[in-house]
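All remarks here apply to the structure that follows.
The values are calculated or read from the model by the stated rules, or taken from the named source; none is laboratory data. Since this is a predicted model, take the numbers as computed values, not measurements. Cβ placement follows ideal geometry from the backbone for every residue including glycine, while neighbour counts extend to all protein chains displayed. For accessibility, only protein heavy atoms count, side chains too; no ligands or nucleic acids. Shrake-Rupley method; radii C 1.70, N 1.55, O 1.52, S 1.80 Å.
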Amino acid sequence: MNVAAYMTELGQQARAAARGVARSTTEVRNRALLATADALDSARAELAQANQKDLESGRSNGLDAAMLDRLELTPARIDTMIEGLKQVAGLPDPVGEITDMNYRPSGIQVGKMRVPLGVIGIIYESRPNVTVEAASLCLKSGNATILRGGSEAIHSNQAVAACIAQGLAAAGLPETAVQVVETTDRDAVGELITMPQYVDVIVPRGGKGLIERISQDAKVPVIKHLDGVCHVYIDSHADPEKALKVAVNAKTHRYGTCNTMETLLVDQEIAEDILPLLAAEFDAKGVELRGCERTLNILPGIVAATEDDWHAEYLAPILAVRVVDGLSGAIDHINSYSSQHTESIITENYTRARRFLTEVDSSSVMVNASTRFADGFEYGLGAEIGISTDKIHARGPVGLHGLTSQKYVVFGDGHIRA
């Protein structure tokens, strides 16, 4: 296969299809989503057969148990995919929404209309259910998409793609509105991220290495986050009971997620009182603490933190702990070491909470809440395609609105500029 020619063809087809999807009605796009759900339900045997090929290949190639688990399409996961399509169909459609209309002194009316981005390229690993999630969000928001899944899921993704094509055809939309790359050649990724004439934005979903490579090489705008070095700061005005509850949840609810706390900051005024209580809670959960010098003076039995620990995204039961000089010290530390994902302050002082919200430069900033809430579903977006820590139009959890943009619209009645 000539990969460059193949990807160019996909790009041309996606660009043409994007126009048809953008002008389609909400009812038509919802019909495509629901028809896809029906197609998945009818194709359970075919999906299982294709997935079995991928699982057998994965075992032969030495995939570890965790990767195989992510790859498997169980009946329950197919149920979840079907339910996800129905949920996205039920979400409000952002396309065509006009806001901020106002009259100018000239007499014209000026406002903003929400419009699709166009063609979205999505690159992801392992989980074939992402094929449905990504396709549904792109389609609902009026976009065409090119999906490049991991080579380990090629058969599963093609089986899912066939169901999506049935759904699109049933609604009268071009089947090329959602295209799953059929080749496992890695050069396909390089082509996809360097086709600005056909692709408007890239969304990478995977490990840090994949996202770094795409960010460095892409000629197309990228919606991404590299890692989640998230902080919780316990202020001297914190309610101790809230502080314990939130800090423990932020770290131990799940260890392998990007919104898990990785560094705990504690005001020096309360450190001697609250750190032993926190240490007991984390010890009971099997969490290893790595502390600064002042933390070690209070908790002499823990591991000494190094400079690398302040930058670390552990994704494991390990937590860096630092005693800081008040709110200013916490903000300085966060703005120096954070990956700009999610930070939280625990305090009963309104003024300090407002200052934290204002001065911390991250995509989600919280007061008296666990960082684990940084999620599209929890934010009321219905679903998300990923998290963005970039300072572009989409920041934080990216849902349907993040897959659209705005253009100015002007209404006049023969108005001319004097």
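In the set (1) surrounded by fewer than 21 Cβ atoms within 10 Å (Cβ to Cβ); (2) on the phi < 0 side of the Ramachandran plot, SER370 fails one condition alone, (1). Can you say whether VAL28 is under 17 Å from ALA135 (Cβ atoms), open to solvent by 20 Å² or more (accessible area, probe 1.4 Å) and assigned to a helix (DSSP H, G or I), as far as the supplied structure shows? Answer is yes for this residue. Does at least one position in the range 95-109 carry a residue that is surrounded by fewer than 17 Cβ atoms within 10 Å (Cβ to Cβ), in contact with a Leu (Cβ under 9 Å, 6 or more places away or on another chain) and under 24 Å from VAL180 (Cβ atoms)? Within the range 95-109 (the criterion being surrounded by fewer than 17 Cβ atoms within 10 Å (Cβ to Cβ), in contact with a Leu (Cβ under 9 Å, 6 or more places away or on another chain) and under 24 Å from VAL180 (Cβ atoms)), the answer is no, since none of the residues qualifies. Taking the range 33-84 as the range and being under 30 Å from GLY399 (Cβ atoms), assigned to a helix (DSSP H, G or I) and among the charged types (D, E, K, R) as the test, the residues that pass are ASP38, ASP41, ARG44, ASP54, ASP69, ARG70, ARG77, ASP79, GLU83. Within the range 92-151, being modelled with pLDDT of 95 or more, outside any loop (DSSP other than H, G, I, E, B), among the charged types (D, E, K, R) and on the phi < 0 side of the Ramachandran plot holds for LYS112, ARG114, LYS140, ARG148. Scanning the range 185-216 for residues that are open to solvent by 20 Å² or more (accessible area, probe 1.4 Å) and closer than 27 Å to GLY256 by Cα yields ARG186, ARG205, GLY206, GLY207, LYS208, GLY209, LEU210, GLU212, ARG213, SER215, GLN216.
Of all residues in the range 331-365, those satisfying the criterion of being more than 10 Å from CYS230 (Cβ to Cβ) and of a type in the set (A, V, I, L, M, F, W, C) are ILE331, ILE345, ILE346, ALA353, PHE356, LEU357, VAL360, VAL365. Against the conditions (1) free of Cβ contacts under 8 Å to residues at least 40 places away in the same chain; (2) loosely packed, with under 14 Cβ neighbours inside 10 Å; (3) under 25 Å from HIS341 (Cα atoms), LYS245 satisfies every one except (2).
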